[in-house]
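Structure first, then comments.
The values are calculated or read from the model by the stated rules, or taken from the named source; none is laboratory data. None of these values were measured; they are calculated from a predicted model. No Cβ is skipped: glycine too gets one built from the backbone with ideal geometry, and neighbour counts run over all protein chains shown.
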C-alpha cells in the first residue's frame with residue numbers, strides 16, 4: 001500500500017525559514033505505523049489549477065493521497081475545488097456540515113461570517129468528517145482513476161486539528177478500508193567514527209531488503225541506521241529487526257554507541273560515571289560548542305575547562321620546542337588540561353582554517369584524547385560548510401572520547 005502526502009499553502013513556499021512543514025513528518029510516521037509506505041511528498045501553493053494537477057499526478061502513482069491545508073473560509077482556500085476536479089466530481093452543499101460549523105461558532109460566542117458557508121461544500125459523494133477541534137470539516141473521496149481505486153483524504157493544515165483527525169478518524173478508516181493488520185516497529189542504531197559512505201560499503205546489501213527496511217540518516221559527526229520491521233504483530237516485526245540488527249553488529253558493532261533515543265553525549269557521560277572517570281576538555285576555533293554540549297547535558301562531576309583556562313595560542317608559545325603540526329599541539333593541549341584540572345582524561349579539539357595566518361601543518365580539525373594509560377590523536381578533514389564545522393568536530397571529539405573509555409584507556413580512579 002502506497003501513499004503520497006500533498007502539503008498545500010503559499011506560506012510553505014515563501015522562503016520564510018520560520019515556517020516549517022511538520023505535518024508531513026507526522027503523517028508519514030503514522031502511515032508507516034499502519035503499514036502504508038509514503039513514496040512521495042509534494043508541496044504546492046494556493047492555486048486551484050496547480051493543486052488539481054498535483055493531485056492527479058499523485059493519484060496516478062499511489063492508492064492513498066493525503067492533502068493538508070486549504071480548507072479555510074478565505075478566497076485562497078481552494079482545496080475542495082481541486083480535490084473535486086481531480087476526482088472528477090462536482091461540489092455539493094451539506095447542511096449538516098454548516099450546522100456543525102455554526103454550532104461551533106456559537107460555543108465560541110462568535111457570530112459566523114458568511115464566507116464560512118463555503119466550508120460546508122465538499123466533493124460529491126464525499127465522506128464528510130466532523131472537526132470537533134476546528135471549524136473546517138475534513139473529507140474523504142473514494143474514486144476510480146483509470147480503473148484503479150484511489151482514496152483522496154483532505155485534512156486541515158492546522159497541526160493540532162490534523163493530528164486529532166488522523167488519530168481519531170483517518171487511521172481507523174484506512175485500517176477498515178484496506179484491511180490493514182500490519183504492525184511496524186522501528187530500531188535506530190547510532191554510530192560514530194564511521195562515515196556514511198564507508199557504512200554504505202559495509203551494509204549496502206542489507207539496504208536492499210524488503211522486510212525489514214534498512215536506511216541511513218547522516219548527522220553532523222554521526223550516522224544513524226534505521227531499521228523498520230513489519231509483521232502481523234509487534235513480536236513478529238521485532239523478530240525481523242533482530243535478525244538484521246545482529247548482522248549489522250557483526251559488521252560495524254564497534255562503531256555503535258547507542259540505540260533509539262540515546263545520545264552520544266549522554267552515553268559518554270554515563271560511561272565516565274560508571275567507571276569513576278572525569279573528563280577535562282579544551283577547544284579552540286569551535287566557538288566553545290563542545291563545552292556547551294556537555295554543559296547542557298548536565299555533566300555533573302565531569303570537569304570542564306575552556307580556552308580561558310588553557311589558552312591554546314598561549315600554550316603554543318610556551319612550549320620549549322614548537323610543535324611540528326596541529327596534531328602535536330592537540331596532544332600537548334589535552335595533556336595540559338588534564339593535569340590542570342586533575343582529571344582522568346583530557347580531550348582537546350582544535351580547528352584552524354587551512355588559510356589561517358601562521359597555520360601549523362595539518363590544518364582542518366584535530367582531536368586528541370589523553371590519559372595516564374594512553375593517547376590518541378586524529379586529524380579530520382571537513383568538506384562541508386565552515387559554519388557547520390564546530391558541531392561536526394565536537395561530535396567527533398565526543399565519539400573519540402567514548403571509544404577511548406570503551407577501550408579501557410581511561411585512568412581507573
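Looking at residue 171 and the list (1) touching a strand residue (DSSP E or B) at 6+ places or on another chain (Cβ under 8 Å); (2) surrounded by 16 or more Cβ atoms within 10 Å (Cβ to Cβ), which single condition is not satisfied?
Unmet for residue 171, out of (1) touching a strand residue (DSSP E or B) at 6+ places or on another chain (Cβ under 8 Å); (2) surrounded by 16 or more Cβ atoms within 10 Å (Cβ to Cβ): (1).
If I ask for residues that are part of a loop (DSSP other than H, G, I, E, B) and touching a helix residue (DSSP H, G or I) at 6+ places or on another chain (Cβ under 6 Å), which ones from the range 5-21 would you list?
19, 21
Sort through 230, 177, 187, 202 and tell me the only one that's at pLDDT 90 or above and touching a strand residue (DSSP E or B) at 6+ places or on another chain (Cβ under 6 Å).
Of 230, 177, 187, 202, the one residue that is at pLDDT 90 or above and touching a strand residue (DSSP E or B) at 6+ places or on another chain (Cβ under 6 Å) is 187.
Within the group 61, 89, which residue is touching a residue at least 40 places away in the same chain (Cβ under 8 Å), in contact with a strand residue (DSSP E or B) (Cβ under 6 Å, 6 or more places away or on another chain) and part of a loop (DSSP other than H, G, I, E, B)?
89
Do we find that residue 326 is over 20 Å from residue 405 (Cα atoms), surrounded by 18 or more Cβ atoms within 10 Å (Cβ to Cβ) and at pLDDT below 60 in this structure?
Here the answer is no, as residue 326 does not meet what is asked.
Please enumerate the residues belonging to the range 39-81 that are within 20 Å of residue 173 (Cβ to Cβ) and more than 30 Å from the chain's Cα centre (by Cα).
Passing the criteria: only 80.
I need the full set of residues from the range 264-277 which are at negative phi, out of contact with any strand residue (DSSP E or B) (no Cβ under 7 Å at 6 or more places or on another chain) and touching a residue at least 40 places away in the same chain (Cβ under 8 Å), in order please.
Those that are at negative phi, out of contact with any strand residue (DSSP E or B) (no Cβ under 7 Å at 6 or more places or on another chain) and touching a residue at least 40 places away in the same chain (Cβ under 8 Å): 265, 268, 271, 275.
Which of the residues that make up the range 67-86 are assigned to a strand (DSSP E or B) and within 19 Å of residue 144 (Cβ to Cβ)?
Once the filter is applied, which keeps residues that are assigned to a strand (DSSP E or B) and within 19 Å of residue 144 (Cβ to Cβ), the range 67-86 yields only 67.
Restricted to the range 220-242, and to residues that are without any contact (Cβ under 8 Å) to a residue 40 or more places away in the chain and under 22 Å from residue 263 (Cβ atoms), which residue is surrounded by the most Cβ atoms within 10 Å (Cβ to Cβ)?
225
Scanning for something at pLDDT 80 or above and in a strand (DSSP E or B), does the range 258-277 turn up at least one residue?
Checked against the condition, which is being at pLDDT 80 or above and in a strand (DSSP E or B), the range 258-277 yields at least one hit.
Could you count how many residues in the range 180-217 are outside any loop (DSSP other than H, G, I, E, B) and surrounded by fewer than 16 Cβ atoms within 10 Å (Cβ to Cβ)?
13
Output yes when any residue across the range 282-295 is within 18 Å of residue 400 (Cα to Cα), modelled with pLDDT of 80 or more and either surrounded by fewer than 20 Cβ atoms within 10 Å (Cβ to Cβ) or touching a helix residue (DSSP H, G or I) at 6+ places or on another chain (Cβ under 9 Å) (or both), and no when none is.
Yes, some residue in the range 282-295 is within 18 Å of residue 400 (Cα to Cα), modelled with pLDDT of 80 or more and either surrounded by fewer than 20 Cβ atoms within 10 Å (Cβ to Cβ) or touching a helix residue (DSSP H, G or I) at 6+ places or on another chain (Cβ under 9 Å) (or both).
What's the total number of residues in the range 72-92 that are buried (at least 20 other Cβ atoms within 10 Å of the Cβ) and within 15 Å of residue 153 (Cβ to Cβ)?
Of the residues in that region, 7 qualify.
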